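Taking it in order: structure first as structure tokens, then the write-up.
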Amino acid sequence: MPAMIEYIQKDSFFHRLHPITKILWTFGVLIISFLFSTPLPIFIILLSNILIAVASGIFKQVFPAIKALFLFSLLLIVFQIFFVTEGNTLFYAIPFTNIGRVTDVGLNLSLVMSFRMVATVSTIPILMMTTPMTDMVVVLVEKLKIPFKFAFMFITALRFIPTLLGEIEQIMQAQMSRGYNSDTRNPFKKIIIIIPLAIPLLVSSIKKTEKMAISMEARGFASGPRSYYKKIMMKKEDYASLFVLISVIFITAIVF
Amino acid sequence: MIRINNLCYRYRNGNSVLKNLNINIKSGEFAAIIGQNGAGKTTLLKNLNGLLKPTEGQVLICGLDTSKTKTSVLAKKIGFLFQNPDHQIFCSTVFDEIAFGLKNTGISPNEIESMVYNAAKKVGLESYLKNDPFSLSKGQRQRVALASVLAMETDILVLDEPTTGQDYNEGLEIMEIVKELNAQGKTIVMVTHDMELVAKYAKRVIILMKGTVIEDGTTEEVLSKEESLAQSNLKPPQAYLLAKKFQKQGFFRNTYTVEDMFEEIISYLRGEQNACND
């Protein structure tokens, strides 16, 4: 099964923070990463993300996402590094030739780019894994005034991923019982081979959506103003964390 | 035909679903597997055609070890009908849908045509071969699914709650087809919750509870074990319960189906009539 980004129940400081505090944290990381233009401080921010993940007890689940981001950032480095012509030559990719010149400016720039990418994007799985989806929606709708229908669409789409994976398993088994064989390395055959799985999945998803829409309407969806069962309040820890976050942003903005 | 030796199955999360099962099903049998939800019935069926591989023990289908044979190979020996036909239907005509399994097993085009026609005829859909399966009723779609399994001409047929979600007549139609196939010598293994169907069609009944076999015997033997049935949230068929009430008053012998009950009553009434006429 692919790495899933879903809420992991734990009782840590970061888990208990108000969703808005955590959303602001992701923006804070974004701002700070763009204020710096040398790789080391951005790398330290990245380390702080990882530390938060470890402290929240979700490192094991976040790790695959961070690993994937690092692999992608390697690609970014490779595509960046050889195309910067400014600066002093550090070394050549192929020694004793003039091919693949790497300059200090190029190295700096591509490292900054890749660390920035990993640091800013890795906050998203950490945010999602420490915040229950329903809390997120309540906050988005109540505090940030996002229309409920949009928030609902978002939460439902995420909620259906495991359901659809289960459905694919069922369909796969039904087709395998009729001699269907899905092992092939030929990419063109792979496309054809997916049809017996894709069509039943599409048909059953549409049916499911229809049923869900009807049952929601029957229970008064979108009939008027909503109320929320759960009240999420900002606490002392939230104000303290926000204070720390904002001071860090100010200090970096002024000092660097 | 089907040999299950000390089969244990655990899901990856450590849930033990099947515990040390030993079942032997001979050629031509009609076995019903019953039990409450979560007893492991479907897991057992999926172990039969290699969709799930045994954690311990061994399942042999016509001598083939399922843990060493791919499901797509076992599909030539064992046909599997799922509860929901919509999990498999994807072609734009009934013909293509029925032919899917045959194409998978590499049968020549000339043969496919006659095999598809035969299968469609068995389920009474021979005039629908050019129709779009999605335009058919649920009962008809289930029969398309059944035909697509039948077309493979396997000796064993495994049915997972084939009548669920269908109306009474649709269910009966499926069962009549299955009965006919059994009469032609096919081995049938069926999971169901419908005790009336079990009483009417099955020859052997196996009760699974929490992953173990608690009863295994002829339909009459097992259906009269009221305690074992009650443990599994099941009730004997109504004809049996009625016969029991009559027996307390000293009438009739055990019956399991409405037809048997009717026979009992009619022969009793005839006796009375004759006595009156004398």
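Conditions (1) surrounded by fewer than 20 Cβ atoms within 10 Å (Cβ to Cβ); (2) at pLDDT below 90; (3) more than 14 Å from every other protein chain (Cβ to nearest Cβ); (4) touching a strand residue (DSSP E or B) at 6+ places or on another chain (Cβ under 8 Å), marked per residue:
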| position | (1), (2), (3), (4) |
| --- | --- |
| B:Ala147 | no, no, no, no |
| B:Glu161 | yes, no, no, yes |
| B:Met190 | no, no, yes, yes |
| B:Val205 | no, no, yes, yes |
- Given (1) at pLDDT 90 or above; (2) farther than 30 Å from B:Val158 by Cβ; (3) of a type in the set (A, V, I, L, M), number of the condition A:Ala151 does not satisfy: (1)
- Query: Out of all the residues in segment A:115-162, which are of a type in the set (Phe, Trp, Tyr) and assigned by TED's automatic domain parsing to the domain that holds A:Asp11?
  - Reply: A:Phe115
- Item | Test set (1) under 19 Å from the mean Cα position of the chain (by Cα); (2) more than 13 Å from A:Leu127 (Cα to Cα); (3) modelled with pLDDT of 90 or more - A:Met4 fails condition number | (3)
- Task: Mind listing just one residue for me: the one in segment A:168-182 that is assigned to a helix (DSSP H, G or I) and not acidic (Asp, Glu) and, of those, farthest from B:Val158 (Cα to Cα)?
- Result: A:Ile168
- Message: With the structure loaded, tell me whether A:Leu165 is assigned to a helix (DSSP H, G or I), outside the structural domain of A:Phe27 (by TED's automatic domain parsing) and under 30 Å from A:Lys22 (Cα atoms) or whether it fails that test.
- Response: yes
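For segment A:185-204, enumerate the residues that are away from chain B (no Cβ under 11 Å) and at pLDDT 90 or above.
Just the residues of segment A:185-204 that are away from chain B (no Cβ under 11 Å), to begin with: A:185-192.
Within segment A:185-204, no residue meets the criteria.
Is it true that some residue in segment B:268-277 is crowded, with 16+ Cβ neighbours inside 10 Å and either at pLDDT below 90 or hydrophobic (A, V, I, L, M, F, W, C) (or both)? Talk me through it step by step, then tell me what you get.
If we filter segment B:268-277 for residues that are crowded, with 16+ Cβ neighbours inside 10 Å, which is where we start, we get none.
Checking segment B:268-277: not a single residue is crowded, with 16+ Cβ neighbours inside 10 Å and either at pLDDT below 90 or hydrophobic (A, V, I, L, M, F, W, C) (or both).
Anything in segment B:96-111 that is more than 7 Å from every other protein chain (Cβ to nearest Cβ) and either buried (at least 21 other Cβ atoms within 10 Å of the Cβ) or among the basic types (Lys, Arg) (or both)? List them, or say none.
Passing the criteria: B:Glu97, B:Ile98, B:Ala99, B:Leu102, B:Lys103.
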- Query: How about segment B:206-226: which of its residues are in contact with an Asp or Glu (Cβ under 7 Å, 6 or more places away or on another chain) and hydrophobic (A, V, I, L, M, F, W, C)?
  - Reply: B:Ile206, B:Ile207, B:Val222
- Residue satisfying all of: in segment A:165-184; over 18 Å from B:Ser92 (Cα atoms) and within 7 Å of chain B (Cβ to nearest Cβ); nearest to the chain's Cα centre (by Cα) among these: A:Gln170
- Note on the structure: Checked segment A:227-247 for anything charged (D, E, K, R) and surrounded by 13 or more Cβ atoms within 10 Å (Cβ to Cβ); matches are A:Lys235, A:Glu237, A:Asp238
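Return the only residue of B:Phe82, B:Phe90, B:Phe95 being aromatic (Phe, Trp, Tyr), under 28 Å from B:Lys235 (Cα atoms) and touching a helix residue (DSSP H, G or I) at 6+ places or on another chain (Cβ under 9 Å).
Answer to the selection: B:Phe82.
The values are calculated or read from the model by the stated rules, or taken from the named source; none is laboratory data. None of these values were measured; they are calculated from a predicted model. Reconstructed Cβ throughout: ideal geometry from the backbone, glycine too, with neighbour counts over all protein chains shown.
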